[in-house]
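S.K.: Sending over a structure as structure tokens; questions will come in a sec.
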Amino acid sequence: MLTANSSAHEPTRRHAIFGIATTLSALAAASLTRLQAQQPSMEQKPSTSANQARTSIHYEIQFKPSPQRLYEAILDQKQFAAFSGLAATIDPTPGGSFSQFGGLIVGRTVELVPNQRIVQAWRPTHWDPGVYSIVHFEFTPRAAETTLIFDHTGFPAGEYDHLDWGWHNHYWEPLKKFLA
């Protein structure tokens with residue numbers, strides 16, 4: 001309602017509240033977009049026909065730090081969260097459970113040989129319940145570096161390309177930067 005002293009161009013309380021709500025919504029959407037851009041993508045990558053039947057991955061990767069430093073970065077939940085950028089809960093004992101990448105990867109540690117070997121029953125949570133693969137990290141000192149001999153075996157057919165991409169983009173590259 002307009003009075004003699006009001007103008008059709010003056011904002012009403014309803015307009016002001018609507019303007020504030022719109023601004024807050026835009027800020028929240030921008031913050032969510034920035035947060036999503038900072039977090040690594042864990043979306044499923046389709047398998048190429050050449051890799052459709054593959055159920056194992058093998059790498060031999062050189063790292064600059066000692067086997068002990070590499071071993072600790074993988075088993076320490078604070079260091080893991082620091083290099084991966086997502087929450088991790090890791091019980092660093094044989095039989096201990098772990099949850100990584102904000103709960104997207106879960107499992108149990110099967111075997112630990114300090115500074116030499118980590119073996120885990122490992123699974124992304126999108127796999128069928130009860131389906132686990134085996135992840136094997138072997139740390140070998142070589143001069144001033146460490147060779148990581150890595151094997152991931154027993155995963156379902158069709159997962160190779162997704163897992164291969166994930167190991168490189170969510171483990172090896174961030175871990176090399178973190179340990180540099």
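S.K.: Any residue that is of a type in the set (Lys, Arg), assigned to a helix (DSSP H, G or I), more than 27 Å from Pro129 (Cα to Cα) and at pLDDT 90 or above - is there at least one of those in segment 23-42? Break it down stepwise before answering.
M.R.: Taking segment 23-42 as the starting set, the residues that turn out to be of a type in the set (Lys, Arg) are 34.
Adding the requirement that they be assigned to a helix (DSSP H, G or I) leaves 34.
With the extra rule that they be more than 27 Å from Pro129 (Cα to Cα), the set shrinks to 34.
Still in the running and at pLDDT 90 or above: none.
No; the residues of segment 23-42 include none that is of a type in the set (Lys, Arg), assigned to a helix (DSSP H, G or I), more than 27 Å from Pro129 (Cα to Cα) and at pLDDT 90 or above.
S.K.: Could I ask something else about it? Modelled with pLDDT of 95 or more, among the hydrophobic types (A, V, I, L, M, F, W, C) and closer than 15 Å to Ala121 by Cα: does that describe Ile61? Write out each step before concluding.
M.R.: On the way: modelled with pLDDT of 95 or more: yes; among the hydrophobic types (A, V, I, L, M, F, W, C): yes; closer than 15 Å to Ala121 by Cα: no.
So Ile61 does not fit the description; no.
S.K.: To continue, here is another question. How many residues, within segment 130-147, are under 16 Å from Ala157 (Cα atoms) and without any contact (Cβ under 8 Å) to a residue 12 or more places away in the chain?
M.R.: Residues in segment 130-147 being under 16 Å from Ala157 (Cα atoms) and without any contact (Cβ under 8 Å) to a residue 12 or more places away in the chain: 1 in total.
S.K.: Please go through segment 86-100 and give me each residue that is over 17 Å from Ser133 (Cα atoms) and outside any strand (DSSP E or B), ordered by number.
M.R.: First, pick out the residues of segment 86-100 that are over 17 Å from Ser133 (Cα atoms): 86-93.
Residues satisfying the conditions are Leu86, Ala87, Ala88, Asp91, Pro92, Thr93.
S.K.: Would you please name the residue that is surrounded by the fewest Cβ atoms within 10 Å (Cβ to Cβ), looking only at residues in segment 115-146 that are within 13 Å of Tyr71 (Cβ to Cβ) and among the β-branched types (Val, Ile, Thr)?
M.R.: Among residues in segment 115-146 that are within 13 Å of Tyr71 (Cβ to Cβ) and among the β-branched types (Val, Ile, Thr), the one surrounded by the fewest Cβ atoms within 10 Å (Cβ to Cβ) is Thr140.
S.K.: For segment 103-140, what are the residues that are part of a loop (DSSP other than H, G, I, E, B), among the polar types (S, T, N, Q) and out of contact with any Leu (no Cβ under 8 Å at 6 or more places or on another chain)?
M.R.: Narrowing segment 103-140 to residues part of a loop (DSSP other than H, G, I, E, B): 104, 114-116, 125-132.
Subsequent filtering for residues that are among the polar types (S, T, N, Q) retains 115-116, 125.
Within segment 103-140, Asn115, Gln116 qualify.
S.K.: Might you let me know whether segment 57-74 holds any residue that is surrounded by fewer than 16 Cβ atoms within 10 Å (Cβ to Cβ) and without any contact (Cβ under 8 Å) to a residue 40 or more places away in the chain?
M.R.: No - not one qualifying residue is present in segment 57-74.
S.K.: Considering each residue of segment 152-180, count those that are buried (at least 16 other Cβ atoms within 10 Å of the Cβ) and in contact with a Lys or Arg (Cβ under 6 Å, 6 or more places away or on another chain), and give that number.
M.R.: Residues flagged as buried (at least 16 other Cβ atoms within 10 Å of the Cβ) and in contact with a Lys or Arg (Cβ under 6 Å, 6 or more places away or on another chain) within segment 152-180 amount to 3.
The values are calculated or read from the model by the stated rules, or taken from the named source; none is laboratory data. What you see is a predicted model, and the numbers here were worked out from it, not measured in a lab. As a convention, Cβ positions derive from the backbone with ideal geometry for all residues, glycine included, and neighbour counts pool all protein chains shown.
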